[in-house]
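Report on one structure; see the data block that follows.
The values are calculated or read from the model by the stated rules, or taken from the named source; none is laboratory data. Because the structure is a prediction, the values reported are computed rather than measured. Cβ sites come from the backbone with ideal geometry, for glycine too, and all protein chains shown count toward neighbours.
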Amino acid sequence: MSDDSTKTTHFGERTVPEDDKKGLVHGVFSSVASRYDVMNDLMSGGVHRVWKDAMMDWLAPRPGQRLLDVAGGTGDIAFRFLRRAPDATAVVCDMTEDMLVEGRKRADAERLAERLDWVVGDAMDLPFEDNTFDVVTNSFGTRNVTRIEDSLSEAFRVLRPGGRLMTLEFSQLPNPAMQWAYDRYSYNLIPVMGQVVANDRDSYQYLVESIRKFPDQERFAAMIRTAGFEQVKYRNMSMGVVALHSGWKL
């Protein structure tokens, strides 16, 4: 007999019980961890590096700041932050230990080891005290969270007063024809790349589908405001393929 009260959510195009999504997402990123960085370069033609650099330009890291990069995976954002901010420190938090293991193997991780920690943790239940960080970032991880509202509330909780949240996430193109063309590329080519490069079509099929399920720019900005952030703004990049969102805990 089914329980009609069971809450459900999406896992790509599938509807699944909320309690199952975390494990499913963990399986995806455990599977692709060893080829994750290579696939990012292939899927975006290397443009993800430009997006992440633009994130740092807007964030403008300052010396001595403490960063928490949620769903930080292999460390791309933390490395960029630390290179720009002398005496700053960073914590990369990700629920998938395999991703953190891959991050620790990178050359930047060795050079920055004294200023960098790696922590297994859930964006919806961060293992940190209140008012701990000056900056919280999330790059391409928010759409994989079961309850986005909970992850935003947790980011607000662990930020110090005056701290800043910045997220980088795939978004929606304003032109329907361009969106249609982008969807055709995403659905038809990226899973094939996943099969060839990572031997995992299904995981990349999910990642493509998850992009289409994510709230558009205005809806996501509204969710950030609801979590308590002020001065919430966003910037489209690559015509809206991705968007940078910024908010402050004031």
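List, please: which pairs have Cβ atoms under 7 Å, are six or more places apart or on different chains, and start with a residue in segment 144-173 that is under 18 Å from residue 242 (Cβ atoms) and end with one that is modelled with pLDDT under 95 and of a type in the set (Gly, Ala, Ser)?
Going by the 7 Å Cβ cut-off, the qualifying pairs are 144/210; 171/240; 172/240; 173/240.
Taking the criterion of being touching a Lys or Arg at 6+ places or on another chain (Cβ under 6 Å), surrounded by 15 or more Cβ atoms within 10 Å (Cβ to Cβ) and either modelled with pLDDT under 85 or farther than 21 Å from residue 241 by Cβ (or both), would at least one residue in segment 56-73 satisfy it?
Checked against the condition, which is being touching a Lys or Arg at 6+ places or on another chain (Cβ under 6 Å), surrounded by 15 or more Cβ atoms within 10 Å (Cβ to Cβ) and either modelled with pLDDT under 85 or farther than 21 Å from residue 241 by Cβ (or both), segment 56-73 yields at least one hit.
Would segment 113-129 turn up any residue that is modelled with pLDDT under 95 and assigned to a strand (DSSP E or B)?
Within segment 113-129 (the criterion being modelled with pLDDT under 95 and assigned to a strand (DSSP E or B)), the answer is no, since none of the residues qualifies.
Output the residue which, of all residues in segment 99-114 that are buried (at least 17 other Cβ atoms within 10 Å of the Cβ) and over 16 Å from the mean Cα position of the chain (by Cα), is nearest to residue 133 (Cα to Cα).
112
Confirm whether residue 14 is surrounded by 13 or more Cβ atoms within 10 Å (Cβ to Cβ), out of contact with any helix residue (DSSP H, G or I) (no Cβ under 7 Å at 6 or more places or on another chain), over 24 Å from residue 198 (Cβ atoms) and not small (Gly, Ala, Ser).
Spelling it out, it is not the case that residue 14 is surrounded by 13 or more Cβ atoms within 10 Å (Cβ to Cβ), out of contact with any helix residue (DSSP H, G or I) (no Cβ under 7 Å at 6 or more places or on another chain), over 24 Å from residue 198 (Cβ atoms) and not small (Gly, Ala, Ser).
Being out of contact with any Lys or Arg (no Cβ under 9 Å at 6 or more places or on another chain) and either under 20 Å from residue 33 (Cα atoms) or modelled with pLDDT under 95 (or both) is the filter here; which residues of segment 138-155 pass it?
Hits for segment 138-155 are 138, 140, 141, 142.
Of all the residues that make up segment 174-201, how many are charged (D, E, K, R) and either within 30 Å of residue 157 (Cβ to Cβ) or touching a residue at least 60 places away in the same chain (Cβ under 8 Å) (or both)?
1
Taking helices (runs of 4 or more DSSP H) that do not extend beyond segment 11-79, which have at least 3 residues that are within 21 Å of residue 97 (Cα to Cα)?
The helices (runs of 4 or more DSSP H) meeting that bar are 18-32, 36-44.
List pairs: first in segment 215-232 and within 15 Å of residue 143 (Cα to Cα) and without any contact (Cβ under 8 Å) to a residue 60 or more places away in the chain, second surrounded by 12 or more Cβ atoms within 10 Å (Cβ to Cβ) and not aliphatic (A, V, I, L, M), Cβ under 6 Å, 6+ apart or cross-chain?
So the pair list comes out as 216/172; 217/171; 217/234; 221/234.
For segment 115-153, which positions are more than 18 Å from the chain's Cα centre (by Cα) and of a type in the set (Phe, Trp, Tyr)?
The answer is 128, and nothing else.
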